[in-house]
Structures are given as structure tokens and as C-alpha cells.
Amino acid sequence: MLRIEDLCLEAGSGVLVDGIDLAVDAGEMLGLVGESGCGKTITALSVLGLLPRQAVRVTQGRILFNGRDIASLDDDEMNTVRGNDISMIFQEPMTSLNPVMTLADQIGEGLALHRDLHGARQASEVDRLLALVGLPNGPEQRRRYPHQLSGGQRQRVMIAMALACEPALLIADEPTTALDVTIQAQILDLIGEMRARFGMACILVTHDLGVVAETCDTVAVMYAGRIVEQGPVADVFRTPRHRYTEALLRTIPAANAPGAMLPAISGTVPQPGARPPGCAFAERCHEALPQCAGQRPPRDGTKEHFAMCWNPAS
Ligand SMILES: Nc1ncnc2c1ncn2[C@@H]1O[C@H](COP(=O)(O)OP(=O)(O)OP(=O)(O)O)[C@@H](O)[C@H]1O
Ligand SMILES: [Mg+2]
């Protein structure tokens, strides 16, 4: 359904995303993980044509949606794709809700535009969607404004809006980070239902590897603007190849050892413009070889499960 080929994104500060490939099939859930600043959000925004154009440019690559290159569409064409085919749940919920519109109006807009629902049918669908995301109470709820909601409640309204148009592809950027675990589980169940019901595909951007293990089919691990490992979730978690994935997996708290000290990954992700020509993880890697920082690592493994590492863990 979606195929990103050799995508490069650049800003004044340097190369932000450096030649990534990603593919998602209908009904598939892909987890996109990696430390803060590695390029997850701007990759997601590029798929929707929502990059801040003055600041970030696509310098290379293609984004194919059902075979059509959507990187080259104009604004009008892209507007139809957004909402009809691809929806996004943003990391910052407040900035994407309209402060002067009631919940009924914001969610209703998408229902009118994409599913031709109006009047009483629209209102009852708004109620149903709000109840699905854990905001029941019908008319009273739908007449509220964003400022009358908590951060977590606003996030759930965003999710209701994204699901309202029954997109073929949902891109969810940290959709449940601000929510408590019960609501988080409800939202993930809801996404699962939509996959089962009409084959919705989903790219889930998250820091939470536990959520990825539970909900995703495949996982792509990003580091400093590159995908360093990708494969079926079970394979990657059982036998990680890249040393960064291996280190990331060690940071997951074990349910059977509460309070145990977790080995944090020391150091920080190098900034764009300050990345070595080789593997950007080399300076933090305990298993680095002399060539790691200087030469771009080869792609190692199979077509399904591969990593870019000079000294893979498996
Ligand atoms: N508008 C912009 N102009 C210039 N650089 C930007 C812009 N937006 C993001 N960047 C840079 O692009 C890189 C990737 O940012 P991005 O927001 O995609 O990270 P992320 O992986 O989503 O991080 P997080 O987990 O914190 O959300 C960062 O180095 C960031 O500083
Ligand atoms: Mg982000």
C-alpha cells in the first residue's frame, strides 16, 4: 500500500533523513521506533505532504501510495489523499485541534467530507466515535470545546477525528504516550479492530517497545536519520542484529524484576550535520570495529529481516 524508497530530507542544519526505505501492506501494523530526534515525525509528515516547506526539503526518493508517487502531488491533490486515504494522529494534540470549534463540528467536518454524513446521522456517529475513544455522554460531550478537555482527552478527540474517515492508512505519532494504560489499551484495541474490519494499515511511531511487541507485525528501528534494522517483530525482538536494537531492547523493564537498574544507553544521538560517514551509533557502541564510524555499513541479513551493521549481534 505504502512504499517509501530512498527518501532523503534535508534542512539548513544538515541531512535529517538519509535514504530510508519502508513498506506497509494493507492490514499491516508497522512500528517505527528510535530515540528522540532520529527523524520519526518528519518521516511521517513527509508521507502526508505536511513538511514545513521553508525549513525541510525532500532531496531524494519516492513515496508511493497504491503505486502513485504522492511526493509530487500539488496541494489540492494531497488534500484529497489526506483524510480520504491517509490520516494522521499528531504528537502534539492541542496544535491540531481548532480552539473555536466544538468537538461535534471538528469530528463532523471529516464525516461530512469523507462519508457524506449530515444532520442527525452525523451527530450519532460523532457520539459513537467519542464513546469508542472513551469520551461518552453524547450531546453534552460533543458540545464541548478543546480547552474544556484535559491533554489526554484532547488526544482521544484527535484519534476519533483520524478514525472518522476510515482511512486506508493511519499514521499514529506517539498516540498513547500521554494516556493512562487503560485508555492506551482501549485505543490500541480500537486500531486493531479497524485493521480487522476494513484492512486499515497503520504506522505506529512510539518509544514504547512493549507496545510494539504486543501490537505490531513488523518493526523499523531508526537511528540518526537512517533505518538501522527492520523485520518481523518476533524476529527482531528475539534475535536483534544491530547493536543499537540490542541496546534498546535491554532498556525494557522486565515485569519479573521490578525496580532493577536498567542499562541506559550512554551518550546522545549525534545532531544532523555532525554525523560520521559510517554508522552514527559507532561512538556509543561497545562492539564497534575500526571501520564502523568511517564507512557506511553494508545491509546484512535477509530481505525480511536486515540490519546495517559491521558487527551484527546475530
Ligand atoms: N522544521 C524543522 N526545521 C529544521 N529541522 C527540523 C525541523 N523539524 C525537525 N527538525 C530536525 O529533524 C530531526 C528529526 O526530528 P523529528 O521530530 O522527526 O524527531 P523524532 O524522531 O520524531 O523525535 P521525538 O521522538 O522526540 O518525537 C531533529 O534533528 C530535528 O531537530
Ligand atoms: Mg516525533
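Every read-out reported here was derived from the displayed coordinates using simple, explicitly stated rules and does not represent laboratory data. Fair warning: this is a prediction, and the values are worked out from it, not measured in the lab. Please note: Cβ atoms are built from the backbone with ideal geometry, for glycine as well, and neighbour counts cover all protein chains shown.
The local environment of PRO240, defined by Cβ-Cβ distances under 13 Å, has a net charge of -1 under the rule Lys, Arg +1 and Asp, Glu -1. Under the simplified labelling scheme, the GLU214-ARG128 pair shows an inter-label distance of 2.7 nm, with each label point 7 Å from Cα along Cα→Cβ. Taking amide H as placed 1.01 Å from N in the peptide plane, the amide H of ILE227 sits under 5 Å from that of ASP21, each at least 5 places away or on another chain.
Percentage of Cα-Cα pair distances in the range 187-228 greater than 15 Å, rounded to whole percent?
Cα-Cα pairs in the range 187-228 separated by more than 15 Å: 47 percent.
With distances taken between every two different alpha-carbon atoms, the chain has a Kirkwood hydrodynamic radius of 20.6 Å. Ordering HIS286, VAL236, ASN98 by the projection of their Cα atoms onto the charge dipole of the chain, which places +1 on the Cβ of Lys and Arg and -1 on the Cβ of Asp and Glu, puts HIS286 at the extreme positive end.
Kirkwood radius and radius of gyration were both taken over the C-alpha atoms of the range 73-133, and their ratio Rg/Rh is 0.99. Pair-distance distribution of the range 23-143: all C-alpha pairs, bin width 5 Å, starting at 0; shares per bin in whole percent are 2, 9, 15, 18, 18, 15, 12, 8, 3, 0.
Computed over the range 138-232, the convex hull of the alpha-carbon atoms projects to a mean area of 7.5 nm². Need one number: the % of Cα-Cα pairs in the range 75-210 sitting beyond the 27 Å mark. Percentage above 27 Å: 12. P(r) tail for the range 263-314: Cα pairs beyond 14 Å make up 55% of the total. The Cα atoms of the range 201-314 define a convex hull whose projected area, averaged across directions, is 7.8 nm². Take the range 1-68, drop everything but the C-alpha atoms, weight them equally and run the Debye formula without solvent; then report log10 I(q)/I(0) at 0.14, 0.23, 0.29 Å⁻¹ to two decimals. The Debye formula, applied to the Cα set alone, gives -0.41, -1.07, -1.49.
Per residue, the chain reaches -9500 deg cm²/dmol at 222 nm when only DSSP H runs of four or more residues are counted, each adding -39500 (n - 2.57). Extension gain for GLU140 to THR80 (0.36 nm times residue separation, less C-alpha to C-alpha distance): 18.4 nm.
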